[in-house]
Amino acid sequence: MGKMAAAVSSVATLATEPGEDAFRKLFRFYRQSRPGTADLGGVIDFSAAQAAHGTGPGAHKVVRSQLSVSSVSDHDAHRAGLQPVSKWQAYGLRGYPGYQWHWVKQCLKLYSQKPNVCNLDKHMTKEETRDLWEQSKESLRYKDMNKRRPRSLLEKLRWVTLGYHYNWDSKKYSADHYTPFPSDLAFLSEQVAAACGFQGFRAEAGILNYYRLDSTLGIHIDRSELDHSKPLLSFSFGQSAIFLLGGLKRDEAPTAMFMHSGDIMVMSGFSRLLNHAVPKVLPGPEGESLPCCLETPLPAILPRDSVVEPCSAEDWQVCASYLETARVNMTVRQVLATDQDFPLEPVEENKRDFTTEGFCHLDDKNSQVKRPRLNSDS
């Protein structure tokens, strides 16, 4: 009880004046927070038993959410590497009306490949970024044996875009900037959306963020999609992070919650256009390099038509080594409404080279560019 009181006291000192940027104030508080201390006492933990029973930090905001169990068959859930929907635990927040091995491997080994676009394209040639996995796997596999080695290209990766490629400069999607969206990730997203009541969801664009332990994701709203009636899906893997969900304006103080490995967040309805951010990625408890949920490999027997594939011990060794000091987040969006087309753009806009310009999602903390971005000193 003493710890909880201290936590409440710490956050209480962050009271803001009307019109003040309450979101940024709390963002800075959690960015400077210390793991294992009362600093994190006010962060909602959906994986903890008390969240399910209405106790613990922020419990008054947590409500159980009903899922559309009949919308996704157990077979289709199994194909996507998911538990049957009847076994899911889904939660919502009052005031916000709205098998991991495979997906980690895809983010590091497959989705990082061309023709998908990544932050490294800004400063490297297509040949240099052709296969980040092959260029990095040996360095990652033996990184504990060589502490002074240079960082691998995968460790320098900060974001990858899929499908309709987001242009960080214009903050727009375009029909001209498109490569095929991964079919396995599209299937996973469709099942999750259907279970949440969004039948007919189409996975058209994806942004993958690769966080180091010192990375943050700045305060922003995902409003560039042309159809906001469809949800934004977020899948987390690796080390845990603090996620802040605010309001329509920055003077509304956000709610802090943990995002653990295997968590899925669905932002829909009112919450679809709210401010949100990630102020801190948390290292695992001392002696635990990976969350225990990542110790479980895929089942030996998968459905014949499964979209998930076995992950070899060699590949998982590389993935596990990477995740010891990292977090990977996949966000999937539907960009266009049914039968909707992109608005016509000026010719000059269409001629821009989306592989080499306009990427400001990743910047050093000392950068003066004021745009939503994934920051890292490393």
* Asked: Of all the residues that make up segment 218-262, how many are more than 16 Å from Leu273 (Cβ to Cβ), touching a His at 6+ places or on another chain (Cβ under 9 Å) and surrounded by fewer than 22 Cβ atoms within 10 Å (Cβ to Cβ)?
  -> 0
* Asked: Since Pro285 meets every condition but one in (1) part of a loop (DSSP other than H, G, I, E, B); (2) within 22 Å of Lys109 (Cβ to Cβ); (3) modelled with pLDDT under 90, which condition does it not meet?
  -> (2)
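Does Ala256 satisfy being in a strand (DSSP E or B) and at pLDDT below 95?
Numbers: in a strand (DSSP E or B): yes; at pLDDT below 95: yes.
Spelling it out, Ala256 is indeed in a strand (DSSP E or B) and at pLDDT below 95.
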* Failed criterion for Tyr210 (all others in (1) among the aromatic types (Phe, Trp, Tyr); (2) open to solvent by 30 Å² or more (accessible area, probe 1.4 Å); (3) within 11 Å of the chain's Cα centre (by Cα) hold) -> (2)
* To do: For segment 290-335, name all the residues that are closer than 30 Å to Tyr173 by Cα and either assigned to a strand (DSSP E or B) or open to solvent by 10 Å² or more (accessible area, probe 1.4 Å) (or both).
  => Val307, Ala326, Arg327, Val328, Asn329, Met330, Thr331, Val332, Arg333
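Would you point out the residue of segment 43-58, among those that are open to solvent by less than 30 Å² (accessible area, probe 1.4 Å), out of contact with any Lys or Arg (no Cβ under 9 Å at 6 or more places or on another chain) and modelled with pLDDT of 55 or more, that is nearest to Ala277 (Cα to Cα)?
Within segment 43-58, the match that is nearest to Ala277 (Cα to Cα) is Val43.
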* Asked: List the pairs whose first member sits in segment 159-180 and is at positive phi and among the aromatic types (Phe, Trp, Tyr), whose second member is modelled with pLDDT of 95 or more and buried (at least 20 other Cβ atoms within 10 Å of the Cβ), and whose Cβ atoms are under 6 Å apart, counting only residues at least 6 apart or on separate chains?
  -> none
* **Subset of segment 112-162 (residues that are in contact with a Ser or Thr (Cβ under 7 Å, 6 or more places away or on another chain), of a type in the set (Gly, Ala, Ser) and open to solvent by less than 20 Å² (accessible area, probe 1.4 Å))** => Ser136, Ser152
* Structure fact -> How many residues of segment 252-285 are out of contact with any Ser or Thr (no Cβ under 7 Å at 6 or more places or on another chain) and acidic (Asp, Glu)? The answer is 1
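The values are calculated or read from the model by the stated rules, or taken from the named source; none is laboratory data. Quantities reported herein were computed from a predicted structural model and do not represent experimental measurements. No Cβ is skipped: glycine too gets one built from the backbone with ideal geometry, and neighbour counts run over all protein chains shown. Remember, those area values only see protein heavy atoms, side chains included, never the ligands or the DNA or RNA. Shrake-Rupley method; radii C 1.70, N 1.55, O 1.52, S 1.80 Å.
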